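Here is the structure we will look at.
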């Protein structure tokens, strides 16, 4: 009997000693919300900064409308023809004003980089290529003709986005909504906390872009993009796959101008183009936390070794997964 008691005492002592250690099998037993990401101070600062950058790619379609308020003292210098078969041919006199219009489609492809500022502002820059068509402009009985039907242009732009609703703002909204209930109301406080802890993968932003156009293949050699920058504004909706990967959809409107000039005249005609955009894309954030390579460690959640934070899963998976997020 004494041997049995002695054996139990030794086992309890060993178990207590094991729990007292800060590290079990190389994994810290102390819960930490945010550990260091590198052993060196410079590396830690660099990795914290890198985690705020993301790269994205998007594409979709756009419907563009084109308007030209034609006014010239030399209308015969422009490629305007009568496209309707009328009994009496008509012509445009000097000083006449005609409103020309057309509609067509385009396909944009964009690449960009974004910087997350305090989970409130998203600023960035990008490059895009647009493949589109441009029909002849028509007004009344006349048609303003272009040399080609297709065009290709490049877009260089900056962007800024304002986060209007996400998981953090949802938590603040729920706190405000449940403010009428007493802190002693255990049922309602428990309901509030459960709703706050729920995974909310959506984020809504108001986003604007501005930049310059560079024509690669013009629909007419006499047409050049205006020196004034283009700009657009739209609504962007994101859904997170993980802390580092997300899918997004964006819709909005873009405003730009072209100038149509002739070789022997100083005057030009302005073409106003409005694009109505619909795009989808994917955004990947740079992981500031290194992937765990400790031999024998099979932890799939974010964890700590010797004071350094590591991730145990791919960037396309949630690091601290909850029920229903394992597959």
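Just so you know, all these numbers are worked out from the coordinates, no wet-lab data involved. Quantities reported herein were computed from a predicted structural model and do not represent experimental measurements. With ideal geometry, Cβ positions are generated from the backbone for all residues, glycine too; neighbour counts draw on all protein chains shown.
Across every pair of different alpha-carbon atoms, what Kirkwood hydrodynamic radius in Å does segment 146-242 reach? Please report the intermediate quantities before stating the final value.
Working: mean 1/r = 0.0565 Å⁻¹.
About 17.7 Å for segment 146-242.
Spin-label point model (7 Å from Cα, Cβ direction): what's the residue 107 to residue 280 distance in nm?
Simple spin-label model gives 1.5 nm for this pair.
Can I get the semi-axes of segment 62-194's equivalent ellipsoid? Compute them from the C-alpha gyration tensor as square roots of 5 times the eigenvalues, in angstrom, largest first.
On the way: eigenvalues 663, 79, 34 Å².
Its equivalent ellipsoid spans semi-axes of 58, 20, 13 Å.
Calculate the FRET efficiency for residue 162 and residue 52 from the Cβ-Cβ distance with a Förster distance of 22 Å, rounded to the nearest 0.05.
With R0 = 22 Å, the Cβ-Cβ based efficiency is 0.85.
Per q in 0.26, 0.33 Å⁻¹, report the Debye log10 I(q)/I(0) for segment 254-296, using one uniform scatterer on each alpha carbon and no solvent.
Listed by q, the Debye log ratios stand at -0.97, -1.11.
Any chance you could run the full-extension gain for residue 255 through residue 224? It's 0.36 nm times the residue separation minus the Cα-Cα distance, nm to one decimal.
The span from residue 255 to residue 224 would gain 9.6 nm if fully extended.
Hey, how many Å between the Cα centroid of segment 239-262 and the Cα centroid of segment 84-159?
15
Describe numerically, in nm with one decimal, the distance between label points set 7 Å from Cα along Cα→Cβ at residue 290 and at residue 239.
That separation, rounded to one decimal, is 3.5 nm.
If you stretched the chain out fully between residue 149 and residue 188, how much longer would it get, using 0.36 nm times the residue separation minus the C-alpha to C-alpha distance?
On the way: separation 39, 0.36 × 39 = 14.04 nm, distance 6.36 nm.
Answer, rounded to one decimal: 7.7 nm.
What is the gain in length, in nm to one decimal, between residue 262 and residue 94 on full extension, counting 0.36 nm per residue of separation less the C-alpha to C-alpha distance?
Here the answer is 58.9 nm.
Give the calculated FRET efficiency between residue 196 and residue 120 to the nearest 0.05, with a Förster radius of 30 Å applied to their Cβ-Cβ distance. Present the calculation step by step, with values, prior to reporting the outcome.
Numbers: r = 19 Å, r/R0 = 0.64.
Given R0 = 30 Å and the Cβ-Cβ separation, E is 0.95.
Give me D for segment 50-132 in µm² s⁻¹, whole number, from Stokes-Einstein with Rh from the Kirkwood sum over alpha-carbon pairs, 37 °C and 0.692 mPa s.
188
Considering all alpha-carbon pairs of the chain, what whole percent are spaced by more than 32 angstrom? Intermediate values should be presented prior to the final figure.
Numbers: 28818 of 53301 pairs.
Cα-Cα pairs in the chain separated by more than 32 Å: 54 percent.
Could you line up 224, 205 from fewest to most neighbouring Cβ atoms inside 10 Å?
Least to most surrounded, the residues fall as 224, 205.
How high is the FRET efficiency from residue 210 to residue 84, r the C-beta distance, R0 56 Å, rounded to 0.05?
On the way: r = 40 Å, r/R0 = 0.72.
Using R0 = 56 Å, I get an efficiency of 0.90.
So how far apart, in nm, are the two label points at residue 136 and residue 316 if each is 7 Å from Cα heading toward Cβ?
Output for this residue pair reads 5.0 nm.
Most exposed first by the Cβ proxy, i.e. fewest other Cβ within 10 Å, how do 163, 113 rank?
In order of increasing Cβ crowding within 10 Å: 113, 163.
Starting from the Cα gyration tensor of segment 194-321, take the square roots of the eigenvalues, sort them a ≥ b ≥ c, and report rounded, prolate or oblate (rounded when a/c is under 1.5, otherwise prolate if a/b is larger than b/c, else oblate).
prolate
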